[in-house]
1. Mean separation of Cα pairs under 8 Å and 6+ residues apart, divided by the residue count of the chain: what relative contact order is that in percent?
2. Which distance in nm do the two modelled labels at E16 and E58 give, with both placed 7 Å along the Cα-to-Cβ direction?
3. Taking only Cα atoms and a 10 Å spring cutoff, compute GNM fluctuations for the chain and point out the largest among E24, E16, E58.
4. With n ≥ 4 as the cut-off for DSSP H runs, can you work out [θ] at 222 nm for the chain, using -39500 (n - 2.57) per run divided by the number of residues, rounded to the nearest 500?
5. Using 0.36 nm per residue of separation minus the Cα-Cα distance, give me the extension gain between V27 and N91 in nm, one decimal.
6. Would you mind telling me which residue in V21, V94, V50 has the biggest mean-square fluctuation in a Gaussian network model of the chain, where springs connect alpha carbons within a distance under 10 angstrom?
7. In the chain, once you exclude exposed chymotrypsin sites (Phe, Trp or Tyr not before Pro) (DSSP loop, at most 13 other Cβ within 10 angstrom), what's the longest stretch remaining?
8. So if I place +1 on the C-beta of Lys and Arg and -1 on the C-beta of Asp and Glu, and nothing else carries charge, what would the dipole magnitude of segment 8-109 be about its Cα centre? I want it in debye, nearest 20.
Amino acid sequence: MDYDKDCIFCKIVHNEIPSTVVYEDDVVKAFLDITQATPGHTLLVPKKHVADIFDYDEATAKAIFSRIPKLARAIRDSNPNIKGMNIVNNNGKVAYQSVFHSHFHLIPRYSENDDFS
Ligand code: 5GP
Ligand code: ZN
């Protein structure tokens, strides 16, 4: 299934719910998380509906994993105060996944003692 009509991230991918877009191409979209763990907290998703890490086909897996370092660099390079980044991917309710369209959190870190830990 490429589009799940009950999925909020499918709706964001298709611009049916607004989002602040950070990056987009034919296979992936990146947008700001509605809850900013730190400033610039971004979610990277495949455009097609993939529920979780267990649900990827090879081509979509290659596409999304190849874009993580590029997006991470672009976010880091956007702000000289970004000193590092947490990349988080939750899979399954027991692992704290709350939106069941696969996504990677890119969470910029600003200093060893920032207030966001
Ligand atoms: P999870 O807990 O599944 O790893 O992360 C889901 C993330 O999606 C949460 O950090 C939450 O803030 C974010 N989120 C939920 N609904 C929306 C929405 O409508 N728009 C955006 N931009 N983020 C959302
Ligand atoms: Zn979806």
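1. It comes to 28 percent, rounded to a whole number.
2. 3.2 nm
3. Sorting by GNM fluctuation, first place goes to E58.
4. Values: 2 runs with 26 residues, N = 117.
Taking each H run of at least 4 residues, the total per residue is -7000 deg cm²/dmol.
5. On the way: separation 64, 0.36 × 64 = 23.04 nm, distance 2.04 nm.
Using 0.36 nm per residue and subtracting the Cα-Cα distance, I get 21.0 nm.
6. V94
7. Answer from the scan: 4-95.
8. Details: 12 positive and 10 negative charges, 71 e Å.
Around 340 debye, computed over segment 8-109.
Since every read-out is calculated from the coordinates, none of them should be taken as a lab result. Since we're looking at a predicted model, the values are computed, not measured. Using ideal geometry, Cβ is built from the backbone for each residue, glycine included, and neighbour counts are taken over all protein chains shown.
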